[in-house]
Each structure stands twice: as C-alpha cells, then as structure tokens.
1. Only counting other Cβ atoms within 10 Å, I'd like Leu322, Leu208, Leu238, Leu346 sorted with the fewest neighbours first.
2. What would the Debye equation give as log₁₀ I(q)/I(0) for region 152-234 at q = 0.13, 0.15, 0.18 Å⁻¹, counting only Cα atoms as equal point scatterers?
3. Nearest-5 percent of antiparallel DSSP beta bridges in the chain?
4. Using only the alpha carbons of region 258-369, determine the length spanned along each of the three principal axes and report them from longest to shortest in whole angstroms.
5. Quick check: the distance between the Cα centres of region 229-265 and region 316-337, to the nearest angstrom?
6. Given a cut-off of under 8 Å on Cα pairs at least six residues apart, what relative contact order in percent is computed for region 246-369?
7. Compute the long axis of helix 62-81 from its Cα atoms, compare it with the longest principal axis of the Cα atoms of the chain, and write down the angle in degrees, 0 to 90, nearest 10.
8. Whole-Hz ³J(HN,Hα) for each residue in region 185-199, computed from phi via Karplus 6.51 cos²θ - 1.76 cosθ + 1.60 with θ = phi - 60°, x for glycine and proline: what do you get?
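Throughout, read-outs are computed from the coordinates displayed, never taken from laboratory work. Note that the structure is predicted; figures quoted are calculated from it, not measured. Cβ: placed from backbone, ideal geometry, glycine included. Neighbour counts: every protein chain shown.
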Amino acid sequence: MSEEVDAVVIGAGVVGLACAYSLSQRLDSVVVIEREVGPGREISSRNSGVIHAGIYYPKDSLKTRMCIEGNQRLYAWCETHQVPYKRTGKLIVATSALDEQRLRAIARHAQDVGAGELRLMSRSETKQQEPELRCELALRSPASGVVDVHEFIASLVREIKEADGAVAYHTEVKAIRKARDGWTVQTTDTAGSQEELYTRRIVNAAGLSALDVAKTSGLPDTQPPWQLHLCKGSYFALGAGAPPTRNSLIYPLPEGGGLGVHITADISGARRAGPDAEFIDAIDYSVDESGAERFATAIARYMPGIRPEHLTPDYSGIRPKLVGPEGGFADFVIAHPSSQPGMVHLIGIESPGLTASLAIGAHVSGVIG
C-alpha cells in the first residue's frame with residue numbers, strides 16, 4: 001500500500017525547502033526527500049552566503065525577477081525568524097578605463113531592472129572608504145548583504161515541521177511513475193527500507209541531480225535539450241595579515257562564467273576570497289592549495305597588497321550551470337510540462353538561487369496546483 005501525501009519535494013537544499021515551506025502553508029501533508037545526512041549539504045551550504053540585489057541579469061529573466069523579489073522576502077524572513085544577517089552593501093569595482101565603461105553600463109542596467117538604490121563612487125571617494133583598494137570607479141549596492149545560511153536552512157526545516165510536514169534524510173528516489181491522477185514515488189533509505197508515496201504534486205529540486213530525476217520521471221532527454229555542466233568554485237580564507245577591508249563585499253566585474261574572484265566577509269566577520277569558476281567532469285570538493293597564487297593575482301588587480309601567503313585553502317562548491325565554458329546567459333528553468341501535470345522541475349538553479357529561494361518557493365506553489 002502506498003502512503004498518500006499532498007506533495008513530494010525532492011531535494012532539501014534552500015530552494016527545495018522554500019518550495020516545501022510554501023506548499024505546507026496550504027496543503028496538509030508535504031514530504032521532503034533528501035539523500036544526504038542533513039539539509040543543504042550540496043549546493044546551499046557551499047557558497048558565499050551573499051544576498052544579491054539582482055544587478056547583472058537580463059530584465060525579463062526569472063533570475064532578475066526571482067532575485068529582486070527574493071531579496072526582499074529573505075530580509076523579511078530573517079527579521080521574523082531571527083536568522084542572523086547583515087545588510088552590508090556591496091562594492092563592484094572597475095580598475096581600468098574599459099572596465100569603467102562596463103561598470104557604468106551595469107549601473108544603468110541595474111537601475112532599469114529595479115535592483116535597489118545604487119550609487120557610483122569616484123576613485124577618491126572609494127579610496128576614503130577602502131584605503132587598500134585600487135579602482136577608477138566603484139558601484140555601491142546597498143541592497144546586498146550576507147546571511148547565516150545554516151540558520152536560514154534550519155529555520156525553513158522548523159517551519160515545515162511545524163506545519164506538519166516531514167523531511168526524510170538518507171533517502172533516495174528510485175522510481176517515479178504515473179498513477180491514476182497523480183504519481184507514485186518509490187524511495188530507498190540507507191538501511192535498505194523501501195517506501196512508496198502516492199501524490200498529485202512533485203517538485204524536482206534535486207540540484208546537481210535534477211536532470212537525473214527528470215529522466216527518472218519520464219521526461220524525454222530532448223524535450224527540451226537541457227544539459228548541466230558542473231562548475232566548481234573554490235574559496236580561500238584571508239589571513240589576519242591580508243590587507244584590511246571595511247566593506248564586507250568587494251567584487252570585480254563579472255568574468256569567465258562567474259562574478260569574478262571577490263572578497264566576502266560572513267556573519268562572524270571571517271573573510272574569504274572566491275569563488276573562481278572551473279568546469280569539471282566529476283564531483284570533487286578538494287581545494288588545490290597551489291591556487292593561492294592565481295587567486296592573489298586576480299585580487300591584486302583591485303587590491304595590490306594581497307599576496308599568496310595571505311590565502312589558505314578553505315572549501316569549494318559546485319554549481320549546476322546550463323552553459324559550459326563557452327559562457328553566455330542561461331536563465332533558471334522552472335518547468336511544469338503539460339505531459340506531466342502536477343510536476344515541476346527546477347533545473348540549473350545556481351546563483352542567485354539562495355537569494356531567490358523564497359520567491360521561487362512561492363512561484364512553484366502557485367503554478368503546481
């Protein structure tokens with residue numbers, strides 16, 4: 001006999017949990033299935049913890065819309081649920097005349113899409129704020145900030161459980177089949193126990209495995225031809241001897257499929273450099289200590305005092321990109337195929353997925369029925 005539930009969410013990262021939270025506010029029984037030992041162990045806890053403003057993405061894209069809405073929702077959530085955060089603001093810096101032109105274009109675009117208040121700062125004005133910084137022009141985004149990702153994840157889990165939802169860890173989806181006017185989901189846990197759930201709603205928020213889950217559900221490989229590229233981003237911790245910074249978030253201009261090697265400070269004030277963007281063939285979270293020289297060279301463009309000895313390998317994360325090393329923009333995929341009523345696939349949810357998570361959750365709850 002199958003257990004019948006109102007919705008199954010596959011994946012307990014911040015996006016899956018945000019979807020489960022939104023669904024749990026209007027449905028009686030929501031179950032989250034997660035193969036790892038706990039929530040947010042894959043993409044969600046392996047990033048910078050930055051709350052983005054929605055500056056870079058095309059105007060009519062899901063990334064822009066979900067990021068700007070998610071920014072507001074996330075700050076409000078943190079206030080309501082006592083999740084530690086800081087509205088630090090962010091500096092984006094241009095170090096050459098060509099970069100200055102690009103930065104002015106970014107500023108115009110960000111203003112056009114509604115990415116919060118923005119202010120261009122001259123070299124001398126920036127120098128007053130950041131004496132160690134070298135730039136021709138800087139753009140300040142007051143709407144940017146940082147959040148304690150682990151506490152945010154924990155707060156989502158608490159809210160789901162308080163709404164009588166459930167989160168099953170150590171559990172993997174083995175099969176998804178059409179049944180009656182819904183779906184059956186077969187699962188296996190690490191102890192070998194098998195269970196079958198019947199539901200009318202499935203949210204595929206499986207992150208790096210989202211395409212595998214889509215195929216398991218019967219979605220054809222070529223409709224449409226999505227392909228996920230594993231993009232590894234490494235982080236290095238900045239030691240006490242590194243040049244001091246007053247701003248928590250300092251970014252160069254975007255490059256190479258990412259936002260460039262930037263400097264962040266988390267809730268505790270610990271500073272890091274990264275991530276870079278390295279396309280890989282298999283999941284590997286190791287950080288090559290020889291990368292310190294490359295990181296120092298990248299950062300020295302806007303902070304000349306940085307040296308390789310200031311950098312220590314910290315951690316890495318892997319992003320599910322829909323475009324490979326050739327670059328180009330790819331939007332979030334939030335697909336609810338007509339051939340799969342009651343199912344939503346979230347594909348290629350990378351940055352700014354953390355910021356956008358609550359907006360994505362509300363959107364998915366609205367379209368899934």
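1. Working: Leu322 19, Leu208 16, Leu238 24, Leu346 28.
Least to most surrounded, the residues fall as Leu208, Leu322, Leu238, Leu346.
2. Values returned for q = 0.13, 0.15, 0.18 Å⁻¹ are -0.57, -0.74, -1.00.
3. Numbers: 51 of 70 bridges.
Percent antiparallel among DSSP bridges in the chain is about 75.
4. 55, 32, 23
5. 21 Å
6. Numbers: 139 pairs, mean separation 19.7, N = 124.
Averaging sequence separation for qualifying contacts and normalising by length gives 16 percent for region 246-369.
7. Here the helix axis deviates by roughly 90 degrees.
8. Working through the residues one at a time gives 10, 9, 10, 9, 9, 5, 7, x, 6, 10, 9, 10, 10, 9, 8 Hz.
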